[in-house]
1. How long is the gain from His99 to Lys269 if the chain were fully straight, where each residue apart is worth 0.36 nm and the alpha carbon distance is subtracted?
2. Over region 87-154, what is the mean sequence separation of C-alpha contacts under 8 Å (at least six apart), divided by residue count, expressed as relative contact order in percent?
3. Please list 3J(HN,Hα) in residue order for region 280-297, calculated via the Karplus relation 6.51 cos²θ - 1.76 cosθ + 1.60 where θ = phi - 60°; whole Hz, with x for glycine and proline.
4. Which order do Val143, Val315 fall in if you start with the one that has the fewest other Cβ atoms within 10 Å?
5. If you rank His99, His254, His274, His367 by fewest surrounding Cβ atoms within 10 Å, what's the result?
6. Mind checking the dipole of region 32-120: about its Cα centre, +1 per Lys or Arg Cβ, -1 per Asp or Glu Cβ, Debye to the nearest 20?
7. Given a cut-off of 29 Å, name the pairs among Lys219/Lys253; Lys51/Lys245; Lys295/Lys378; Lys230/Lys277 whose C-alpha atoms lie farther apart than that in the structure shown.
8. Straight-line reach from Lys380: which aspartates and glutamates have Cα under 12 Å away, leaving out those fewer than 8 places along the same chain?
Amino acid sequence: MNFASLNLCQPLLDALDKIGYVTPTPIQAEAIPSLIEGHDMLGCAQTGTGKTAAFSLPILDAMANDPWSSPRRIRTLMLCPTRELAAQIHDNIQQYAQHLDIRSMVMFGGVSQKPQVKILRRGVDILVATPGRLLDLISQGHVDLSHVQFLVLDEADRMLDMGFIRDIRKILAQIPEKRQSLLFSATMPHSIVELSRDMLHNPVSVSITPESTTVEAIKQSLMFVMKSDKRGLLTHIINEEKPEKVLVFSRTKHGCNRIVKQLGQDGIKALAIHGNKSQGAREKALAQFRKGTLKVLVATDVASRGIDVSDISHVINLDLPNEPEVYVHRIGRTGRAGQGGIAIAFCDENEGEYLRRIEKIIRQGIHVDTDHPFHSEKAKSRKGDKAPKKQQNRGRGQRQVRNDNSKGQPFFGHSKGKSKGNRSRGNSKGKSSGERNSGHSGNNRNRRQRKRRTRY
């Protein structure tokens, strides 16, 4: 199968040929024909499966075959959780649409809104946005969503984790009921299922099973180490192996900052990207990392969603992730395009259960490397111990889990199966701006939450 067999218009095929796309990925081959036919879609797929092209190409094809005359209005809205992911999606769309008369823009917080407003006034066809900044500009009257024909909600489970679900429902109330809607998520907790029922109409379900085994080209190793020795071990590895580009994962923003500071004290330059960093700082760090002038980049999982660097030689899990699926996603940052890669996981005395869950999902034990000066038999002996109570409910979606009694398990839907659902009638249209500025008691906390979210 090739892209020509998917009945895409010639300008798109020319663009795909130019950027080197030859064979559709499984999700592209499965999703594109149904989307071209105009179906709504509920997709279960992780980052890295090719889903951006899967949902973008059919939308671009439809817009190319049914062009609107000026003035330009927003016909397509794509919502995603982070600045990096929004920028990445927008970059991809610009590549796909290079031979089409279609204008797109990306909108997120953390930067001045004036340039974004200026672009909006000139008119755009496709808007890629994070929810916080979009709602801000809607409330100010700068964004009109009354002409939206195509709606995409990407990484919906991350939206849930970051507290955006209420914002999304407010945005849905601004969009015409008659539209084609697409929702993609790596997992399907109950609240996402409920959202899909409101958002989608008789959707086709597409599920790309999460990788049960990790990429064969990646050499994985496990190092048992006391928590207090992780810094020393990280410095040791970087100095000994001299990696070309190493991506270090920390569980928290504070942890990222601490690692960067400690590496600097050891004579190793590193930069961090996370939600508290300004957009300028994040873009600068990524640019240096891509060019190779920065060898070590430290990131949280959320911030890493937009990292699209093909030649990462090492991925180091300084902290094991709370959710085992995240491990697969992390190490998949290396070993791309058939190249070899190295993934190293640190496991301290409190992370034994996380390790057990990871090895269960990848269906193999990770090779233990004891050939380093920080090996800890104590940490090794506690493999399988339950995580400390203070960490047990800090995984992805746990806050919501307590409300809806869902465990956030992956959704393995039947390919091209139909599911029932009614599109939201959205009788709260126009409420969002008033609610955001009302002076009722209890709204101070909501305003603070919105302020935090706007940074994304």
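1. Length difference between fully extended and current span is 57.1 nm.
2. Working: 51 pairs, mean separation 20.8, N = 68.
Rounded, it is 31 percent for region 87-154.
3. With the stated coefficients, region 280-297 comes to x, 5, 5, 5, 4, 5, 5, 4, 5, 5, 5, 6, x, 6, 10, 8, 10, 10 Hz.
4. Val143, Val315
5. Numbers: His99 15, His254 12, His274 21, His367 9.
Taking fewest neighbouring Cβ atoms as first place, the list is His367, His254, His99, His274.
6. Values: 8 positive and 7 negative charges, 98 e Å.
About 460 debye.
7. Numbers: Lys219/Lys253 27 Å; Lys51/Lys245 26 Å; Lys295/Lys378 32 Å; Lys230/Lys277 24 Å.
Table pairs above 29 Å Cα-Cα are Lys295/Lys378.
8. Once the sequence-local aspartates and glutamates are set aside, what remains near Lys380 is Asp348, Glu349, Glu351, Glu353, Asp369.
Since every read-out is calculated from the coordinates, none of them should be taken as a lab result. Only a predicted model underlies this, so the values are computations on that prediction, with no experimental measurement involved. Cβ sites come from the backbone with ideal geometry, for glycine too, and all protein chains shown count toward neighbours.
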